[in-house]
Amino acid sequence: MEANKYESEDEFTINEKGEFCDEQGNLLTIEVNDITELTEYYEKMISKVAELKLEQGISNPPPFKFRKGILIVDDKGTNIGIHATDINEMKKVIKVLEKYYSCSLQKLQFDYMKRKEVKKGEGYYLQGLEYNEEYLKSPSFLLKCSNQDKDKIHELLNIKKRSDKWLWYPKRIEQTKFYVEGNTTNEYPIFIISKGRYYRNKKYQPPKTAVYLESINVDYKIVVEPQEAEDYAKSISRSKIIILPDEYLNKNQGSIPVRNFVHHYNIDKENIAYWILDDNINDYYWVDNNERYKVRDAFAFKFVEDLMNNYDNVYLAGHQYKMFCPPTDYRNIVQHNARVFSSILIRTDIPSLNDEGDIWRGKYNEDVDLSLRILKQGLPTILSIVLSADKERTGGSGGNEEIYIEDDNHSGVTKSNSLLEHHADCIDIVERYGRTHHKIKTEMFENNKYIRSSHFTENKYNIIYK
């Protein structure tokens, strides 16, 4: 039976199946523009259920359809992305949902991935992104429902449940290759700063960043405190271990002293630039063909090094976090004038803080502080999006755990307030995810300009997928 659109002034009733119908018995669907309008419809229908004195559970309001591919059947539920390999398979899904919810979904609109052109401009000359044509033919929509509904829908579709956040019918478009190599070597030395991460899973083993670098045969140094040097040496070659000198110990500044040591160390070695990595990075990922590929060689670092080398005034570059770079959300290859964190490439001639040449200060949010100081001087930064870092969450069992506990047990208040001391002009304090966070006013730095180097190169890489 074809369903009709329900208007707020329409009269309706409920049939013997518990379906909402107009006076002629036609099923009703609802289209709304915002949550306020949705609430008005919902309350009116709930009143009708009460008026007819129906037993609880016999009838519910029909699905509410937003026009942009979102179907809400439970306003208190959570979203699950419903994907099908093509429109014919999606019709099978809709048929099951219509029967389950006793309503018509024939007017439900689907979303399709659209091919986007990579914006032209500074940094965008690098290898572009390809699209897996199968994804372009794949319809999807968001369904907001209870977890019980999600379980039942998987059961009715006869597919194994893999996530509460997405569902593919009849199965996900398969990724046939999983790794990428760029057949290149990194130019600048890599340093890991680590504390308290020499023992995991009931055995001595390197921290995860070192495990990754060992797996791709890329050289590195790891900087540790003297009392832990022997513990790290049980799983890492002594030739790769640098012991933090005494003058940098016991400062109660978290990782600030060791970061300043690494900077001075590289100045003394007359290095042009260097990498400083957190010790809890699992992997690096390249995005292409709507998929993520683990990077299996030094291309993970050379890609960003080439970005920095092409500009005379870029002192900070790095990798965005993997969680912010979904493979099906094609933005541009790089992000301009953003904060750089955790996987950082730094030029040794970066503007310093004092006569001693330090570049790190404070106790919390040191990467935000450094990034903002550079940006406020009118200097640009570059953050790679197409090649991202899979870093574990901050905190945990690492060397900064003590200072995060000091921060009102990870509340974020002390960390965020510490930024206000120097950067009240360009950050706001907000509450998100049950914690206090800072929000950078990125619009302030949109006009930071890049100065092309005289040896600017449009780099091409011999990327191999495996």
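For labels at N250 and E458 in the simple 7 Å Cα→Cβ model, what's the distance in nm?
In this crude label model, N250 to E458 measures out at 5.9 nm.
For region 196-228 and region 315-365, write down the distance between their C-alpha centroids in whole Å.
22
With a 1.4 Å probe and all protein chains left in place, how much accessible area per residue does region 182-249 have, in Å²?
In whole numbers, region 182-249 has 50 Å² accessible per residue.
Under 27 Å between C-alpha atoms is the cut-off here; go through region 192-292 and count lysine pairs that meet it, provided they're at least eight residues apart or on different chains.
Step by step, the pairs that qualify in region 192-292 add up to 26.
Got a number for carbon plus sulfur as a percent of region 234-387's accessible area, 1.4 Å probe?
That share works out to 43 percent.
Taking K and R as +1 and D and E as -1, what net charge do the other residues with C-beta under 14 Å from the C-beta of T185 add up to?
Residues close to T185 contribute a combined charge of -4.
Near F445, within a Cβ-to-Cβ distance under 13 Å, what is the net charge of the other residues, with Lys and Arg +1 and Asp and Glu -1?
+2
Quote the FRET efficiency, to the nearest 0.05, computed for Y465 versus N26 with a Förster distance R0 of 60 Å and r equal to the Cβ-Cβ distance.
The calculated FRET efficiency here is 0.70.
Can you tell me what the convex hull of the Cα atoms of region 132-274 projects to on average, as an area in nm²?
Answer in nm², one decimal: 15.1.
Which pairs, out of K107/K152; K92/K137; K302/K322; K68/K91; K91/K152, put more than 20 Å between their alpha-carbon atoms?
Table pairs above 20 Å Cα-Cα are K107/K152.
The values are calculated or read from the model by the stated rules, or taken from the named source; none is laboratory data. These numbers were taken from a predicted model, which means no experiment stands behind them. Counting neighbours? That spans all protein chains shown, and the Cβs are built from the backbone with ideal geometry, glycine included. When the accessible area is computed, the model is the full protein with side chains, heavy atoms only, and any ligands, DNA or RNA have been set aside. Shrake-Rupley method; radii C 1.70, N 1.55, O 1.52, S 1.80 Å.
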